[in-house]
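Peer 1: I'd like to ask some things about the structure below.
Where a number appears in this text, it was derived from the coordinates with a stated rule and is not lab data. Keep in mind it's a predicted model, so treat the numbers as computed, not measured. When we count neighbours, we look across all protein chains shown, and the Cβ atoms used for this are built from the backbone with ideal geometry, even at glycine.
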Amino acid sequence: MRIGYNPHKDQVLEKTEFIHQVIMPVYIPNQEGYFKDSFSILKLSLESLFKTTHNKTFFSVINNGSCEVVVNYLENLHKSGAIQELIHTINIGKLNAIIKGLVGNNIELVTITDADVLFSSQWQIETTKVFRAFPKVGVVGVVPQFNMFKAHCGNIIFDNLFNKNLKFIPVKSPKALALFYKSIGWDTTYNKDFLKYGLGIQSKEANVLLGSGHFVATYKKHQFDEVKSYIGYKLGGNSESYLDSAALNFDYWRVTTQNNYAYHMGNTLEDWMLEERHIDNIDDIVFLESQKRRKISRFSYMVKNKLFYKLILNKHVSKLFYFWKKLPREIIDNYNSIKAK
């Protein structure tokens, strides 16, 4: 039986001191074959995060069915206070694990990252700078990739079609861009023009490239106030489209920093990953306090992200668009081709 009155009943939760959450799902079932180096890579990833984030960052790690040595490592991090939240589950799939980390708090920004990302200095500051420079941005990536404007960017192109600052801008870190494609197993026969220019928007505060990948990106949290309870894939399928399309429902833009602020390590440890990285001295912690947006109508969604987008990406119209947006003439004819000619 119950005796007495629970002293916490009806007490309002205090406002959290954290302003940025990082969610990392971890699946390392063993240390053999494909997963031989994964534990070492996980440790590098988390150490790089600890060195490059301010003290108002809340770390949520979801152990998605990992082996005992990984579980013990994560438990020690949690006990020491290095990570604030540790959730254990069997392998329920990457996106279902991420959803567990999304609920239960009210932190304005959330970075969702794979467990094989090596973070560089200033990534957190530069991410926040983009959100402040462009109030309509809802997603910020920190790893530029090829042709990102061709996926989930109909609304940002529609909104900026006559903006002279929407144009092709130089790639800031071509070596880092090439390293990303090496990390995912591409050979070097791709179109090298993609290493030169990307479609972006310039402003006094920050330059951005259109589009964002999903292996690491930061989101305005309120896009996930209503989350799905279950996604039926362990990995791939249509599971990642959930993250890709969330911003479009609120007419938010998806962008990536012009410079590269993180690296994809993959599943194989390499010498360059072991280079010493200094600790960021982040004194100027920026509170975003962004205004929440309402979902857009289905009609607006279809016009911007389906009809208009399909027109702009048409192989004939796109060449006129490239010319209008200042892509060099000698690049235009081959810019739609992934393979070099």
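Peer 1: Scan the chain and report its longest stretch carrying no GluC sites (Glu not before Pro) that are both in a DSSP loop and have at most 11 other Cβ atoms within 10 Å.
Peer 2: The answer is 33-204.
Peer 1: Calculate for the chain the 222 nm mean residue ellipticity that helices alone would give, adding -39,500 (n - 2.57) per DSSP H run of length 4 or more and normalising by residue count, nearest 500 deg cm²/dmol.
Peer 2: Here the helix-only value at 222 nm equals -8000 deg cm²/dmol.
Peer 1: Using a Förster distance of 22 Å, how high is the FRET efficiency between residue 85 and residue 56, based on the Cβ-Cβ distance and rounded to 0.05?
Peer 2: Computed FRET efficiency for residue 85 and residue 56 comes out at 0.90.
Peer 1: Evaluate the charge dipole of the chain about its Cα centre and quote only its size in Debye, nearest 20, assuming +1 on the Cβ of each Lys and Arg and -1 on the Cβ of each Asp and Glu.
Peer 2: About 1800 debye.
Peer 1: Now a separate question. Starting from the Kirkwood Rh over alpha-carbon pairs, what translational D in µm² s⁻¹ does the chain have by Stokes-Einstein at 37 °C and 0.692 mPa s?
Peer 2: 154
Peer 1: Run the quick spin-label model on residue 268 and residue 204: label points 7 Å from Cα toward the beta carbon, then report their separation in nm to one decimal.
Peer 2: Calculated label separation equals 4.8 nm.
Peer 1: Could I ask something else about it? Which residue fluctuates most in the GNM of the chain (Cα springs below 10 Å): 269, 42, 177?
Peer 2: 269
Peer 1: Extension gain residue 31-residue 75, at 0.36 nm per residue separation less the Cα-Cα distance, in nm?
Peer 2: Gain on extension, residue 31 to residue 75, equals 14.0 nm.
Peer 1: Which one, 190, 268, 33, is farthest towards the positive end of the dipole of the chain when Lys and Arg carry +1 and Asp and Glu -1 on their Cβ?
Peer 2: Highest projection toward the positive end goes to 190.
Peer 1: Here is a follow-up. Can you give me the distance in nm between label points at residue 133 and residue 184, each placed 7 Å from the Cα along the Cα-to-Cβ direction?
Peer 2: Going by the 7 Å Cα→Cβ label model, 2.4 nm.
Peer 1: Out of all DSSP beta bridges with both ends in the chain, state the antiparallel percent to the nearest 5.
Peer 2: Roughly 50 percent of the DSSP beta bridges within the chain come out antiparallel.
Peer 1: Highest GNM mean-square fluctuation, the chain, Cα pairs closer than 10 Å: which of 225, 187, 244?
Peer 2: In the Gaussian network model the winner is 187.
Peer 1: Length gain on complete extension for the stretch residue 320 to residue 333, per 0.36 nm per residue less the alpha carbon to alpha carbon distance?
Peer 2: 3.6 nm
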